[in-house]
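Remarks on the structure that follows.
The values are calculated or read from the model by the stated rules, or taken from the named source; none is laboratory data. A quick note: this is a predicted structure, and the numbers were derived from the prediction, not measured. For neighbour counting, all protein chains shown are included, and Cβ atoms are generated from backbone atoms with ideal geometry for every residue, glycine included.
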Amino acid sequence: MHSQMISKSLLGLLLRTCCLLLFLLTVTAAKSASSKVRVFDVRKYGAVADGKRDNTKVFLQAWKEACQWRGKARIYIPKGRYMVVGPLPFVGPCKGYMMVQVQGSLIAPYGLSKNNEDSWIRFQYINGLKIFGGGTFDGQGASAWKYRKCTHNCRNLPVSIRFDFVTNGLVQRVRSFNSKAFHINVFGCKKLKFKFLEITAPDDSPNTDGIHMGHSNEVTVYDSHISTGDDCISIGPGSFNTYISKVVCGPGHGISVGSLGKYPNEEDVVGLIVRNCTLKGTDNGLRIKTWAPSPPSIARNFTFEHIFMDNVHNPIIIDQDYCPSGSCGHQSPSQVHIHDLTFKDIWGASGTKLAVDLSCSSRVPCRNVKLHNIHLSYKGNSRVSTSSCSNVEGTSYGHQIPPSCIA
């Protein structure tokens, strides 16, 4: 009887041990499967790199299958010219981490699409995304920019790449050329990083903002070259905790916050750092622009530091009477309250005598504006450049060229 009890005990122990080992093997296998990268080569789906045949459906099929992979999925677009008539919506949510390796060139259609789409390529509702590879997105914008000059029955020009509701994303080492409208538009995103980008369009191309963002949190732009016909980077309503560093901008309209206050119930803009950047020959440098009149909102907690200006018109400018058409009337002042701004270590050459122009609202003056070590000369003559302030409360520290207009 005693030996039978021992045998049953050993048998039970053996069964429990086997179950534990089976469980551990299952968990290990699941982790291995989830960490393995599966490659989805677009050529296997019929992609043709002749620059003529439309690859839209092919890319969509590759994305559809990759999006269902329970692990890391990498869509591979090798070297070559791939016509993509679009629109091309890469839509989640997906079951794993998504990667798009672009080594080739994606070519947008000539002229305007028949469907009057607002974007060419879209990434939407994705948690975990990486786009990389050194490839190019060619918007063929020169074939459509003329349509911006229409006066009636005007059609939309598509954004080259949209990111809508993307979380934990990284876009690096890709190029965007000659977008028809914005190169990149960011909306509703969180923790999205752009690194080592090259964005290019002629200085006379209309509305070709490099990166425009709004209603997003923790967007980073780092170590990139942006040359466009509009803002290199524009920060719209609802932007929080934005970080911009080591960006070379020019030609273009500079790095802009706004325009703000055009529509009712706009979200605030809070938390912006622009650091270690270079602006070359741009129409503006560091700009904040708001409409007048405007509904109330807030723009606060901005830091601009260690910025070099090379022949930049309006190097430091706040314009709370923004009116690009010149026919707004300004019946009442802007109600966008700008406060807690720091401009530190801004130096170089101004393309105009007025190097610092802080024109704030009489309704809600700018408050707690700090100028710290500013050196902006005009045509090499430090004594010629000037500053102008209206409705500004703040302080100045250190070296000031032009002499500070803040009392």
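Laid out as a table, the results:
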item: Pair list, Cβ under 7 Å, 6 or more apart: the stretch 108-129 residue on the phi > 0 side of the Ramachandran plot, other residue surrounded by 18 or more Cβ atoms within 10 Å (Cβ to Cβ) and of a type in the set (A, V, I, L, M); result: 111/144; 128/98
item: Residue that is nearest to residue 75 (Cα to Cα) [pool: residues in the stretch 111-139 that are part of a loop (DSSP other than H, G, I, E, B) and modelled with pLDDT of 95 or more]; result: 133
item: Test: residue in the stretch 280-295 that is assigned to a strand (DSSP E or B) and surrounded by fewer than 22 Cβ atoms within 10 Å (Cβ to Cβ); result: yes
item: Filtered residues of the stretch 307-362 (kept if more than 15 Å from residue 293 (Cα to Cα), out of contact with any Phe, Trp or Tyr (no Cβ under 9 Å at 6 or more places or on another chain) and without any contact (Cβ under 8 Å) to a residue 40 or more places away in the chain); result: 313
item: Counted residues, the stretch 58-82 - those being touching a Phe, Trp or Tyr at 6+ places or on another chain (Cβ under 9 Å) and among the charged types (D, E, K, R); result: 3
item: Any hit, the stretch 304-311, residues being modelled with pLDDT of 95 or more, charged (D, E, K, R), surrounded by fewer than 22 Cβ atoms within 10 Å (Cβ to Cβ) and part of a loop (DSSP other than H, G, I, E, B); result: no
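Here's the yes/no breakdown for (1) at pLDDT below 95; (2) surrounded by fewer than 21 Cβ atoms within 10 Å (Cβ to Cβ); (3) of a type outside the set (Lys, Arg); (4) closer than 22 Å to residue 283 by Cα:
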| position | (1), (2), (3), (4) |
| --- | --- |
| 358 | no, no, yes, yes |
| 366 | no, no, yes, no |
| 372 | no, yes, yes, no |
| 407 | yes, yes, yes, no |
